[in-house]
Amino acid sequence: MLLRNLLVLSAMATCAGVLLGGRDASAASLEVNVRAAYGSAGPTSPVAYEPTGIARVVPTGPIWDGSASPYGGGAMLQGGLGLRAGSYVSVGLDGGTRSQSAESTDPAYSDLSRSAWFVGPYVRGYIPMVPIVDPWIGLGVQYMADTQKYKGPVATTGGTMTADWTLEHHGVAVPIRIGVDYTIAKMFSIGPSFEYALVFPAGGCAKVNAANLASMSLCADENENKRVTKANGYGVWSLGLSLRLTVPPA
């Protein structure tokens, strides 16, 4: 279902670029975009412990149950390849990675990290008749995988022991972007940009792996009587610097 939705939205984005950008696709310029940014996907986990049936897990820990806010900002690196059809519209595919700073306030939980990767199509419109600079606004759709990892206690028949925890979130992100580019050479442009992406949940799991014990996966698509995990939506903001290379048609 998620893959089908992404393919439909990708086709819609491509059609929009062709319709808005002109009829002669062979005359389109090639665009290569690179963006380095700083941002955040929020301080708490989007994978939450929210049981709906009789099943329970003890201990849940402050990260999974949402009582802790261990995450700060971090670096984001993006890259994309597109076609600029005419002067005002480009369409293409981009993706990237994101990391966040992480610090646990509970000594029972250590080696905490959070990172993500994302990919999907975009459409960008350039605002005409603005001197010197080249302002633009963009809209995209992406598959986004967000992963948290840490070490923490898990209950066993003999008490508790330290295990490796992984909280996985899968979602469809809709990034809205604005930026202003300044041409520093005939083919190169550089400028600041801001992006805010709404991430709609498509699934999530809490996975536990401990030595001498069978691994356990508690996912959001479990039967309602057994489900203890919920994947929530969230937002991602970033402020960065974009570099664009435009290669005109031969």
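All of the numbers you see were taken from the coordinates with simple rules; none came from a lab. Because the structure is predicted, anything quoted here is derived from the model rather than measured. Note: ideal-geometry Cβ built from the backbone for every residue, glycine included; neighbour counts use all protein chains shown.
The angle separating the long axis of helix 2-21 from the principal Cα axis of greatest extent in the chain is about 20 degrees. Inter-label distance, Leu239 to Ile132: 2.1 nm, where each label sits 7 Å from its Cα along the C-beta direction. For the residues Ala48, Ala185, Ala37, a GNM of the chain with alpha-carbon springs under 10 Å puts the largest fluctuation on Ala185.
Mean residue ellipticity, 222 nm, helices only, the chain: the sum of -39500 (n - 2.57) across DSSP H runs of n ≥ 4, divided by residue count and rounded to 500, is -3000 deg cm²/dmol. Under the rule a/c < 1.5 gives rounded, and otherwise a/b versus b/c splits prolate from oblate, where does region 120-165 land using the Cα gyration tensor? In terms of gyration-tensor shape, prolate.
Under the classification rounded if a/c is under 1.5, otherwise prolate if a/b is larger than b/c and oblate if not, where does region 2-247 fall, given a ≥ b ≥ c as square roots of the Cα gyration tensor eigenvalues? It is prolate, given that a/c is not under 1.5 and a/b is the larger ratio.
The trypsin sites (Lys or Arg not before Pro) of region 92-186 that DSSP puts in a loop, and whose beta carbon has at most 14 other beta carbons within 10 Å, are Lys186. Taking each residue as 0.36 nm, the span from Val32 to Glu224 lengthens on full extension beyond its C-alpha to C-alpha distance by 64.5 nm.
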